[in-house]
């Protein structure tokens, strides 16, 4: 046995959705009814008077947990940012990794934020490289000959070491870093990975 | 159209469609509703003056809202699950303004359309018989049961005070119990749906549920393939003694589309 969803919408059900839910945009190029007493006012007032409020206790805790779960699900697909940290540039790219016997280009997503530059790998979730902007001593582009062809790369000097970076558009990446460096925000202790 | 009246586009929804087409004169005030495509998506709009829809006539206002709702239903039938817009959103400008906005927010809109594809919004409300649960609370607690028996033998004045006390205690337990149940049902429902939200304010319930206590109201984004399974689960809850479930839908995903940053 199963229950079939009913289409027994009351008019109020429809009004509620169309006046209180659905997409409203906040942009200069549109007129919206958000917060403005246009047609909806008397209807909204009518709705408010018949709202059924629920008693909450544990249900609220459950709700919070559920929401957090979804939030975490979403977060897993994105790099962790500090509060107020803003992504300025993002590109797919590599870092030269050299530790002991292992040396290779490691792929991930490069992010330039108003605080840091980091290379983030989605799976497993890890920052392969990270530095705060104020630790960067210099930014240079260089070329490396690979398979007989010149290949551009970005060299980032941090604390006496040089990180070798590749991406599809090196000049744009360099430009993004220079713009970010123009206005670094905080002083922090860097955590450097085993690169260089 | 005089100079003071700027051109506008009233938007009903954003759908998955790559081609220009028309829905007919089905919009608000019988306006001609058509698609403004951009890549693989399109905005469903009608052409109007860039002035908000205002009226003091409540019947007129209701009519407009229902017309808006009708266009959303029609577009859903034709293009599948869409991004529904709230009543009264008007772009200032012509089709190009709409196209510009679509272009600017293309990735976000595509992502949201992808998220809701093959899914619809459903409402699940769970009601229970308050007296029945209260009775169960008293009979399952030896102390409360004892207190109730004692109250019967008390003189009227004292009985009144203790009756109040008992009532408060039972009410407290009732909230605990219904929240526990709602949380439990929520966990089951969560397994079968893509996303679930608690509806904090419920605007309307059919007459047949009046007089019952609403213990939970969920908004669920459900894959078409899971609607039957959800129906099964809810049937199980509905059949429990003292419980009743209202399951309604499908709705366009009004509660599950967010366009932040637009």
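Taken together, B:247, B:256 contain a single residue that is under 30 Å from residue B:107 (Cα atoms) and modelled with pLDDT of 90 or more, which is B:256.
Look at (1) in a helix (DSSP H, G or I); (2) in contact (Cβ under 8 Å) with a residue 24 or more places away in the chain; (3) under 23 Å from residue B:238 (Cβ atoms) and you find that residue B:110 fails only one, number (3).
Selection within the range B:78-97: residues that are within 19 Å of the chain's Cα centre (by Cα) and more than 7 Å from chain A (Cβ to nearest Cβ). The member of this set that is nearest to residue B:259 (Cα to Cα) is B:82.
When the residues of the range B:75-97 are narrowed to those that are crowded, with 20+ Cβ neighbours inside 10 Å and not in a strand (DSSP E or B), which ends up modelled with the lowest pLDDT?
B:88
Restrict the check to the range B:79-87 and report whether at least one residue is free of Cβ contacts under 8 Å to residues at least 60 places away in the same chain and at negative phi. Yes, the range B:79-87 contains at least one residue that is free of Cβ contacts under 8 Å to residues at least 60 places away in the same chain and at negative phi.
Report the residue count in the range B:103-112 for those that are within 12 Å of chain A (Cβ to nearest Cβ) and surrounded by fewer than 22 Cβ atoms within 10 Å (Cβ to Cβ).
First pass over the range B:103-112, keeping only residues within 12 Å of chain A (Cβ to nearest Cβ): B:104-105, B:108-109, B:111-112.
Filter again for surrounded by fewer than 22 Cβ atoms within 10 Å (Cβ to Cβ), leaving B:104-105, B:108, B:111-112.
Residues that pass the stated criteria total 5.
The helices (runs of 4 or more DSSP H) located wholly in the range A:1-116 that include 2 or more residues which are modelled with pLDDT of 80 or more and either touching a helix residue (DSSP H, G or I) at 6+ places or on another chain (Cβ under 9 Å) or within 8 Å of chain B (Cβ to nearest Cβ) (or both) occupy A:11-20.
Based on what the data block shows, is residue B:100 within 11 Å of chain A (Cβ to nearest Cβ), at pLDDT below 90, farther than 18 Å from residue B:18 by Cβ and not in a strand (DSSP E or B)? So residue B:100 fails the test.
Kindly establish whether residue B:196 is at the interface with chain A (Cβ under 7 Å from one of its Cβ atoms) and either in contact with a helix residue (DSSP H, G or I) (Cβ under 6 Å, 6 or more places away or on another chain) or farther than 16 Å from residue A:17 by Cβ (or both). Please lay out each step first, then the result.
Numbers: at the interface with chain A (Cβ under 7 Å from one of its Cβ atoms): yes; either in contact with a helix residue (DSSP H, G or I) (Cβ under 6 Å, 6 or more places away or on another chain) or farther than 16 Å from residue A:17 by Cβ (or both): yes.
Here the answer is yes, as residue B:196 does meet what is asked.
Being crowded, with 20+ Cβ neighbours inside 10 Å, more than 7 Å from chain A (Cβ to nearest Cβ) and in a strand (DSSP E or B) is the filter here; which residues of the range B:244-254 pass it? Quick ask: steps written out before the conclusion?
First, the residues of the range B:244-254 that are crowded, with 20+ Cβ neighbours inside 10 Å: B:245-247, B:251-254.
Next, only the ones that are more than 7 Å from chain A (Cβ to nearest Cβ) stay: B:246, B:252-253.
The answer is B:246, and nothing else.
If the condition is being surrounded by 13 or more Cβ atoms within 10 Å (Cβ to Cβ) and in a helix (DSSP H, G or I), then the range B:133-144 contributes B:133, B:134, B:135, B:136, B:137, B:138, B:144. When residues in the range B:210-235 are screened for being more than 8 Å from chain A (Cβ to nearest Cβ), surrounded by fewer than 15 Cβ atoms within 10 Å (Cβ to Cβ) and more than 30 Å from residue B:74 (Cβ to Cβ), 2 of them pass.
The residues in the range B:38-63 that are in contact (Cβ under 8 Å) with a residue 60 or more places away in the chain and surrounded by fewer than 22 Cβ atoms within 10 Å (Cβ to Cβ) can be counted, and the count is 3.
Within the span defined as the range B:169-188, every residue fails to be part of a helix (DSSP H, G or I) and loosely packed, with under 12 Cβ neighbours inside 10 Å.
Evaluation of residue B:175 against the conditions (1) over 24 Å from residue A:10 (Cα atoms); (2) touching a helix residue (DSSP H, G or I) at 6+ places or on another chain (Cβ under 8 Å); (3) at the interface with another protein chain (Cβ under 8 Å from one of its Cβ atoms) shows that the sole unmet condition is (2). The single condition from (1) without any contact (Cβ under 8 Å) to a residue 60 or more places away in the chain; (2) surrounded by 22 or more Cβ atoms within 10 Å (Cβ to Cβ) that residue B:66 fails is (2).
Residues in the range B:58-75 that are farther than 13 Å from residue B:42 by Cα and more than 9 Å from every other protein chain (Cβ to nearest Cβ): B:59, B:63, B:67, B:70, B:71, B:73, B:74. With respect to (1) assigned to a helix (DSSP H, G or I); (2) more than 8 Å from every other protein chain (Cβ to nearest Cβ); (3) surrounded by fewer than 22 Cβ atoms within 10 Å (Cβ to Cβ), the lone exception for residue B:120 is condition (1).
For the range B:16-57, a residue qualifies if it is away from chain A (no Cβ under 12 Å), closer than 22 Å to residue B:103 by Cα, in contact with a strand residue (DSSP E or B) (Cβ under 7 Å, 6 or more places away or on another chain) and not in a strand (DSSP E or B), and the qualifying residues are B:17, B:18, B:19, B:20, B:21, B:40.
Of all residues in the range A:102-141, those being under 13 Å from residue A:180 (Cβ atoms) and touching a strand residue (DSSP E or B) at 6+ places or on another chain (Cβ under 8 Å) number 15.
Do we find a residue being in contact (Cβ under 8 Å) with a residue 40 or more places away in the chain and either within 14 Å of another protein chain (Cβ to nearest Cβ) or over 25 Å from the mean Cα position of the chain (by Cα) (or both) anywhere in the range B:156-167?
Going residue by residue through the range B:156-167, those that are in contact (Cβ under 8 Å) with a residue 40 or more places away in the chain are none.
There is no residue in the range B:156-167 that is in contact (Cβ under 8 Å) with a residue 40 or more places away in the chain and either within 14 Å of another protein chain (Cβ to nearest Cβ) or over 25 Å from the mean Cα position of the chain (by Cα) (or both).
Does residue B:257 satisfy the criteria of being at the interface with chain A (Cβ under 9 Å from one of its Cβ atoms) and in contact with a helix residue (DSSP H, G or I) (Cβ under 8 Å, 6 or more places away or on another chain)? Yes; evaluated as a whole, the condition is true for this residue.
The values are calculated or read from the model by the stated rules, or taken from the named source; none is laboratory data. Note that this is a predicted model, so its numbers are computed, not measured. Positions of Cβ are backbone-derived with ideal geometry, glycine not excepted, and every protein chain shown enters the neighbour counts.
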